[in-house]
Amino acid sequence: MLCIPRGAVHKFENRRDTDAKALCVVPPAPIVPEYFREIRDVLATAAGGPPDRAKTAEIMRRHGLIPEAG
């Protein structure tokens, strides 16, 4: 279990050669369900490859998140 306080800088990274899955429970917060729907669509478009970083960053910014530089 991991609890990330609101506003804390964080990221998730899988350093293994196998797929990883995460279950995120977000209590009422500024991130609306539409954010997750848009990110889901970017991941689906990637068809198992890496997602479009520019599109992901644009979605994050629009929803008040700050993407990692790089």
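Computed from the coordinates by the stated procedures, all read-outs in this text should not be read as laboratory data. Predicted, not measured: the structure shown is a model, and the values here were computed from it. Glycine gets a Cβ as well: all are built from the backbone with ideal geometry, and neighbour counts include every protein chain shown.
List of remarks:
- Residue within the stretch 45-63 that is assigned to a loop (DSSP other than H, G, I, E, B), in contact (Cβ under 8 Å) with a residue 24 or more places away in the chain and on the phi > 0 side of the Ramachandran plot present: no
- Given (1) in contact with a Ser or Thr (Cβ under 6 Å, 6 or more places away or on another chain); (2) part of a loop (DSSP other than H, G, I, E, B), number of the condition VAL42 does not satisfy: (2)
- Some residue of the stretch 11-32 being surrounded by fewer than 10 Cβ atoms within 10 Å (Cβ to Cβ), in a helix (DSSP H, G or I) and out of contact with any Gly (no Cβ under 6 Å at 6 or more places or on another chain): no
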